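Presented below is the structure to which this report refers.
The values are calculated or read from the model by the stated rules, or taken from the named source; none is laboratory data. Keep in mind it's a predicted model, so treat the numbers as computed, not measured. Note: ideal-geometry Cβ built from the backbone for every residue, glycine included; neighbour counts use all protein chains shown.
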Amino acid sequence: MRLKTVYEVGSIPHSEYPRPQFKRDSYICLNGYWSFKKVKTGGDVSEFDKKILVPFSPETLNSGIEGDFVLGKDEMLVYEKELECDKKLTQGVTYLHFGAVDQSCKVYINGKYALTHRGGYTPFSLEIQDLLVEGKNLIRVECTDITEDSHGARGKQSSHPGKIWYTAQSGIWQSVWMENVPTQHIRDITVKTFFDKKQLYVCSESEGKQIITVLDSGKEILKKEFCNKEITLEYDFEPWSPRSPKLYDMVIENEYGDKVESYFGMRTFSVEMDENGKKRLFLNGKPCFMNGVLDQGYFSDGLLTPPSDKAMYDEIKMLKDMGFNMIRKHIKIEPMRWYYHCDRLGMIVWQDFVNGGGEYKFSHIGVMPFLGFKHKDSDYKYFSRENKEGRDEYYQAMEETVSALKNVPSIGVWVPFNEGWGQFDSFEVTKKLLSLDDTRIIDSVSGWHDQGKDKTTMLSLHTYYTPLKAPKDPRPVVLSEFGGYSMKIADHVYSEKEFGYKIFKDEESICKALSTLYLKKLLPLIKKGLSACVYTQLSDVEEEINGLITYDRAKIKVPVEFMKSINERIYEEADKIK
């Protein structure tokens, strides 16, 4: 049963500027109602019979599409929106941006083909000024989605949902917008911070003279002109951390009239030795115990799309109030504003890449490691990764993900693979990822098919049914999934089916169990070398009811102050590590 969340959805949802780290004044939001129809792939659409509320997928309650919507493998979605353009939009460069479209799409402007994009989780943009006319214009988007039949990224979506697999969705599911810029404009910026040197490195992809201005709470503290694309600034910057999430605003202008507003946080994530010779996760030169939750990012009325910007903020704020300092964003890429809220609230992010590949063979990938048998991920057949096109698409999506998220201060860890899903060549994937971004830690293989101390960067454990432990290992040891305690609350569940790793009937019993889990079983492992822990999970998702809050976000199952008191004890122990 589809449930409505406690959040209201406006007529133009997610109208806030979508990219806070690359903000311009010429923003035109295209969210809202679009004409919509489902047809046979390649079929013609002359008349539309429905309206859909973008950016919600048609399978969702918030989309306005009634009934149990299912997109067939031989069908496509067609969206159209009329747009009134003034002369300015036909001059300079006008970009049309899509936050995410699942799974593949073609874009047409005024009947002319403009672009094809594959990959349902990464943002993309296209230049459309040459296709626009002054007056009325028509944007058309055609989407196909074959879920499991594709070897590309599909995450937790399934045509046969149940347990840890969820309802598949399709089409536009993140914001659509336009902006107009000068022909010679700032195409991209790359920001790197070096806490130990108090240095800020900025690469601004633009020709000609540029001016960079850095502000602290609105007060100008640095202003420099530079003629090449790169500049390094030195200043006594305050550090960013979960306990003090200091952000600085930044403005870059070029001589052709383009201006971009952004921000940064001064921090350095690293792996280093503590005073006892154990490798741990460090932040700004000091051990940092990363204590977080697994977040699937699913909502009962929007699936992968949050109902509002406030819904994203409220969840991160609730976790901060509970005392957590980290979120593992599980097999999903969020809208950029989600990361902005993590930046300003002080929430470290472990960012998963979205899995794909062929059939998930649980007997191979799940049962064998539980029995103590791990497999080399160069065996493509074992991991259902024989399809080279799918492997190539993974690398392409990885590059697009890093490009989109590279400047986010709160992202401290990349997670390429989870529990063997679509895993392949993790050592080579790690090397490739380091070539794209060497400023973050990498959890090469999260859970199960660890490739050995010379191949992966952490010993990353998933423990639900066996005792928690922190084995001796030359790498940092992290508990990247554990817990999964479930409690059903009547009238706030998606299904009568219940999936969880341990079932509890009431608040008192689940709180007692959590206290034992954290304070008696996990806390003693910190001095033995445990560097991080990720509790499963933030919210219920369909049949999986092991969340701290319900799927409809109406009920908090574990009291905020109770969880905060436990986490304070965890940090007291972690702060003893030097």
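Points worth noting:
- Of all residues in region 248-274, those being closer than 24 Å to T213 by Cβ, in contact with a Gly (Cβ under 6 Å, 6 or more places away or on another chain) and in a strand (DSSP E or B) number 1.
- Residues in region 182-211 that are assigned to a strand (DSSP E or B) and within 29 Å of the chain's Cα centre (by Cα): I189, T190, V191, K192, T193, F194, Q199, L200, Y201, V202, C203, S204.
- Taken together, the criteria place I28 among residues that are surrounded by fewer than 17 Cβ atoms within 10 Å (Cβ to Cβ) and under 30 Å from S204 (Cα atoms).
- Total residues in region 342-398, condition in a loop (DSSP other than H, G, I, E, B) and not hydrophobic (A, V, I, L, M, F, W, C): 22
- Of all residue pairs spaced 6 or more apart or on separate chains, those with beta-carbon atoms under 6 Å, a first member in region 55-66 that is within 19 Å of E542 (Cα to Cα) and a second member that is crowded, with 24+ Cβ neighbours inside 10 Å and hydroxyl-bearing (S, T, Y) are F56/S63; F56/T305; S57/S170.
- Residue within region 394-412 that is crowded, with 21+ Cβ neighbours inside 10 Å, touching a residue at least 12 places away in the same chain (Cβ under 8 Å) and among the basic types (K, R) present: no
- Filtered residues of region 550-571 (kept if surrounded by fewer than 24 Cβ atoms within 10 Å (Cβ to Cβ) and touching a His at 6+ places or on another chain (Cβ under 8 Å)): D552, A554, K555
- Breaking point among (1) crowded, with 16+ Cβ neighbours inside 10 Å; (2) free of Cβ contacts under 8 Å to residues at least 40 places away in the same chain; (3) of a type outside the set (D, E, K, R), for P307: (2)
- Check on G547, under 29 Å from C288 (Cβ atoms), surrounded by 20 or more Cβ atoms within 10 Å (Cβ to Cβ) and free of Cβ contacts under 8 Å to residues at least 12 places away in the same chain: yes
- Lone qualifier among I570, I556 - being in contact with a strand residue (DSSP E or B) (Cβ under 9 Å, 6 or more places away or on another chain) and over 21 Å from G500 (Cα atoms): I570
- Cβ-Cβ contacts under 9 Å between residues 6 or more apart (or on different chains), taken from a first residue in region 192-209 that is at positive phi to a second residue that is surrounded by fewer than 16 Cβ atoms within 10 Å (Cβ to Cβ) and assigned to a strand (DSSP E or B), are listed as K198/E234.
- Checked across region 481-493, the condition of being in the same structural domain as M347 (by TED's automatic domain parsing), modelled with pLDDT under 95 and in contact with a helix residue (DSSP H, G or I) (Cβ under 9 Å, 6 or more places away or on another chain) holds for no residue.
- Selection from region 490-520 of residues that are among the hydrophobic types (A, V, I, L, M, F, W, C), surrounded by fewer than 18 Cβ atoms within 10 Å (Cβ to Cβ) and not in a strand (DSSP E or B): A490, A513, L519
- Entry remark, region 165-181: residues being touching a residue at least 60 places away in the same chain (Cβ under 8 Å), in a strand (DSSP E or B) and either within 23 Å of T305 (Cα to Cα) or among the basic types (K, R) (or both) number 8 in total.
- Scanning region 275-295 for residues that are crowded, with 23+ Cβ neighbours inside 10 Å and in a loop (DSSP other than H, G, I, E, B) yields a single hit, C288.
- Residues located in region 121-142, provided they are closer than 18 Å to N31 by Cβ, β-branched (V, I, T) and free of Cβ contacts under 8 Å to residues at least 60 places away in the same chain: I128
- Note on region 35-84: residues that are more than 23 Å from G10 (Cβ to Cβ), among the aliphatic types (A, V, I, L, M) and either assigned to a loop (DSSP other than H, G, I, E, B) or not assigned by TED's automatic domain parsing to the domain that holds Q174 (or both) total 3.
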